[in-house]
Amino acid sequence: MPLQLQINGMDCVEEVIVLKRELLPIVESEDRLRFDVLNGKLIVEQEVSDTQATEIIAAIARTGMQAEIWKDEVDTVEEGSFWSHNKRSILTAVSGVFGLSGLLSHAVFAGKLGDALGSEGMGIAEGVPVFSMLLYFIGILAGLWMVAPKAWRSAISLRPDMNLLMTIAVVGAVGIGEWFEGATVAFLFSLSLLLESWSVGRARRAIAALMDLTPPIARVRQADGELKEVSPNDIAVGSSITVRPGEKIPLDGVVRKGMSSVNQAPITGESVPVTKEPSDEVFAGTINGDGTLEIESTKPASDTTLARIIKLVGDAQSRRAPSEKWVEKFAVIYTPVVLVTAILVLLVPPLLFGGEWADWVYRSLVLLVIACPCALVISTPVSVVAALAAAARNGVLIKGGIFIEVPANLKAIAMDKTGTLTIGEPKVIDVIPMSGHNEGELLTRAGALESHSNHPLARAIVAEGIERGLSLPEAEEFEIIQGKGARGTFHGIFFWLGSHRYLEERQQEDANVHEQLEQMQEAGRTVVVVGNDEHVCGFITLSDTIREEARSALTELRDLGIEHLVMLTGDNEGTANTIAEQAGIDEVHAELLPEDKVAAIEAIVEKYGQVAMIGDGVNDAPAMGRSTLGIAMGAAGSDAAIETADIALMSDDLSRLPWLIQHSHRTVRIIRQNIFFALGVKAVFDVLTFAGFASLWAAIGADMGASLLVIFNGLRLLKA
C-alpha cells in the first residue's frame, strides 16, 4: 500500500528538491514520489514495509523537516499551537520592528539619518552604535530564524538554494558594516516567504472550500416515520433522507417523493437550477430549492460525487504541470551558477583589475539577493492550483496540473456520439399516421401498449403522449411479444406494435410501406410500426437527439484552433452520419468496437499529435486512455470512463469544452508572463549591479515585488 506522509516544513519547490535528493536512494525512482505542497503531503507510490517507512521518515528528518503518517479524518492544517500557526508572521513582524528601531536609534546617535543609511548609496554606514547593533541583530535573527537552518543544511550538502543565498547576503552585509541593509534584507526575505505562504494558503482554502459544501447533519427517516438528525458519514446506503427547502443535499441519491428545483452549480457548474422529480438523481453538496424532497441515498459519504471531486482535486496538486517541472529543473542549475558568479564578481575585479574590495563585496551580495529564484519557483505552482480550483468551481474536474496545459495545445478532438454529442435517450421525432388514422389516435394506441414496458423507446413514446396531453387507456388482452413488440385490444379492436422485422413477419408490408421504412432507417431513425389486423396504422420515428449546445460548442472549438473534429461511435452509419451533419463533424467512424476506437485514435494521434477523446461509456475508456487527453462526460458517464479520463465535465455540458480550452490558454499565458517577468527583473538588476547602481535593499525590494506580482497574477485564475 502507498505510504502517505504529512510533511511539516515543506512550503515550496525548494523543499521538494531537497526531499527528492534525500529520498531517491531509498525509493530508487523519482516517479514514485508525489508531492502536494499545498497540503504538505508526500505520497510514496509503492509497497512500503515498516522498515522502509522508518528509513523514509528518518531521511526526511535529516532535511530539518518532520514527517508523520497522513490522517484523512483529521484536518491536519487546523492542528497545532498558536505559535506553530503564526510563528512566521510573528518572526517577520519582530524582524521589521527591530530593524526599524535599529535605524532610528542609529539616526539619533549619529545625529542625522544619512549617516545611518550609509553614504553615497553604497558606502559603509557611519559608526554603528553597539545599542543599534543589538537591535539590528535581533531583527536579523528573527528574519533568518526559519531560513538559517535550511541554509546550513544546503551548505553542508554542497547544494546551494535560495535560503543559502539570502543568508550569505545578510551575513556579508553585516561583515562589511552594513547593519541596516543586512536587517532590511532579512526582513524583506522573511516577508516574501510569509506572502508566499499566504498565497499557498489562499489556494489551499479555495480547494478546501469544496469540503464545506457538505452539510454537517442530515435528516434520516426512521422505521417509525420519525426524522432523526445524524452525520452524513453515519448514513447507510438505501436510507430515506428528507431535505427541506434551502438546505444542502447531504448525499448522492434518487428522489422518491416531492418535486423541487435544485441548484447544481457547486458540482456541475450549471448556472440554472434543475427541476428534480421522483426517479431523478441528485448530488451531495447541491442546494434544494423551494420544495421538500424525500431522497433515497445511493452512495456512502466517502463515495459521493462531491467526495470524489475533493479527492481528485487534492490528488491533482501532486501531478505537476510541464511548466512546474521546467522551473524546478531550471532552479537546480540556476542557483549554483548564481553562487559561482557572485564569487567571481567578488574576486576577479579586485584581484585582476585593482577594484575596491568593499565595493565588489557589496556588489556580489546584491547579485546574490537579486538572483534569488523565489519569485520564479512560486509563480507556477500558485498559478496551476488557482487554475485547478477555478475549473472545479465551473464544473470541470481536472485531475492534475499535468493536464491543465494540454487543452491549449490540442489540434484534433474525437468524440463518442451517444451521451456525448447526443443526450443519450431516444425522443419521438415524427408521428406519421396512415390508413385514415390521425397522430393523436396513433400515439394513444402506441402509448397505451408501451406503458407496460420500461424500454427506452417505450418510455419515449409514453412521454410524448403525455406531453401532448393525451389520455392513455388500459389495453385489454395485453401481451408482450418477446423481442418484437406488443399487442392488445381497444374497445374490441385488436392493435399491435413492433419493429420492421415484426411487420415483415406479419406479412402486412407492401412496397410503399417498405420504401418509407428503408428511407427512415437510412436517415438514422428507429421506427416503431403500429397496425391492426386490417392495415398498417402508421409509423412513429425516434432518434437520439443532438445536445442543444453541441453545434455552437463545436463552432467555438474551431475558432479556438481545433483543426479536426471526429466522431467515433458503435452506432449504425446512417444514424452517425445524420448526427455528424447536424453537429458539423469533419470525419465519422461508425459501427466500431472498443478496440476499433483505439485504432482510430492511434491514427488521429499519428496525424495530428495532440488529440483529445471525449466519451461517457465503458467502451470509450480504452480510447480515452490512448489519446493525449481523455475527457469524460462526468454526470452521466460510467465510472470506468471517469476514472480513465484526465478531465471530467461534471455538467455533461459540451459548452464547458471551449471554456476549458480558453481556461488552459489563459493559464499557460499567465504562467509564461510570470516566468518572463521574474527572469526579466533579475536581468535588469544584474546589469544595474555590475554598473554599480543597485543596492541591497533595492534588490530585495525588487525581488519581493516580483514575487508579489507573480503571486497575484497567478491568483487571478481563481476568478476565471
Problem - Those residues of the stretch 453-495 which are exposed (fewer than 13 other Cβ atoms within 10 Å of the Cβ) and in contact (Cβ under 8 Å) with a residue 24 or more places away in the chain, in sequence order - result: S471, E474, I493
Problem - Residue that is part of a helix (DSSP H, G or I), at pLDDT 80 or above and either more than 21 Å from the chain's Cα centre (by Cα) or closer than 17 Å to A169 by Cβ (or both), where the choices are V332, V338, V369, V361 - result: V361
Handout entry: Out of E464, E504, sole residue that is at pLDDT 85 or above, farther than 30 Å from G609 by Cα and part of a helix (DSSP H, G or I)
Key = E464
Handout entry: Filtered residue count, the stretch 147-183, keeping only those that are assigned to a loop (DSSP other than H, G, I, E, B), without any contact (Cβ under 8 Å) to a residue 60 or more places away in the chain and within 26 Å of L104 (Cβ to Cβ)
Key = 2
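Okay, residues lined up against (1) at pLDDT 85 or above; (2) under 19 Å from the mean Cα position of the chain (by Cα); (3) more than 22 Å from I546 (Cα to Cα); (4) among the hydrophobic types (A, V, I, L, M, F, W, C):
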| site | (1), (2), (3), (4) |
| --- | --- |
| T628 | yes, yes, yes, no |
| I642 | no, yes, no, yes |
| A645 | no, yes, yes, yes |
| L654 | yes, yes, no, yes |
| P658 | yes, yes, no, no |
| R666 | yes, yes, yes, no |
| Q673 | yes, no, yes, no |
| L679 | no, no, yes, yes |
| V687 | no, no, yes, yes |
Exercise for the section: Would you check which residues across the stretch 430-452 are part of a strand (DSSP E or B) and under 50 Å from the mean Cα position of the chain (by Cα) and list them? Expected result: D430, V431, I432
Handout entry: Failed item, numbered, when M122 is tested on (1) surrounded by fewer than 18 Cβ atoms within 10 Å (Cβ to Cβ); (2) at pLDDT below 75; (3) assigned to a loop (DSSP other than H, G, I, E, B)
Key = (1)
Fill in the blank from the handout: Scanning the stretch 524-545 for residues that are in a loop (DSSP other than H, G, I, E, B) and within 40 Å of the chain's Cα centre (by Cα), the one surrounded by the most Cβ atoms within 10 Å (Cβ to Cβ) turns out to be G524
Practice task
Evaluate the stretch 243-265: report whether one residue or more is in a strand (DSSP E or B), at pLDDT below 90 and surrounded by fewer than 15 Cβ atoms within 10 Å (Cβ to Cβ).
Solution key: no
Problem - Residue among A307, A284 that is buried (at least 19 other Cβ atoms within 10 Å of the Cβ), modelled with pLDDT of 85 or more and not in a strand (DSSP E or B) - result: A284
Practice task
Return yes or no: is E518 under 19 Å from I614 (Cα atoms), surrounded by fewer than 21 Cβ atoms within 10 Å (Cβ to Cβ) and at pLDDT 80 or above?
Solution key: no
Fill in the blank from the handout: Residue pairs qualifying under the 9 Å Cβ cut-off, at least six apart or on distinct chains, with the first in the stretch 646-674 being assigned to a loop (DSSP other than H, G, I, E, B) and the second being of a type in the set (D, E) and crowded, with 24+ Cβ neighbours inside 10 Å, are D652/D616
Fill in the blank from the handout: Considering the stretch 530-565, residues that are of a type in the set (A, V, I, L, M) and at pLDDT below 90, and then whichever is nearest to I493 (Cα to Cα), we arrive at V536
Exercise for the section: Considering each of E14, E73, E30, E79 in turn, give the residue that is of a type in the set (D, E, K, R), modelled with pLDDT under 80 and surrounded by 20 or more Cβ atoms within 10 Å (Cβ to Cβ). Expected result: E14
Problem - Pair list, Cβ < 6 Å and 6+ apart or interchain, from the stretch 421-450 residues that are over 16 Å from V529 (Cβ atoms) to residues that are acidic (D, E) and at pLDDT below 90 - result: T422/D544
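The values are calculated or read from the model by the stated rules, or taken from the named source; none is laboratory data. From a predicted model like this one, the values you see are computed outputs, not experimental measurements. Cβ atoms come from the backbone with ideal geometry, glycine included; neighbour counts cover every protein chain shown.
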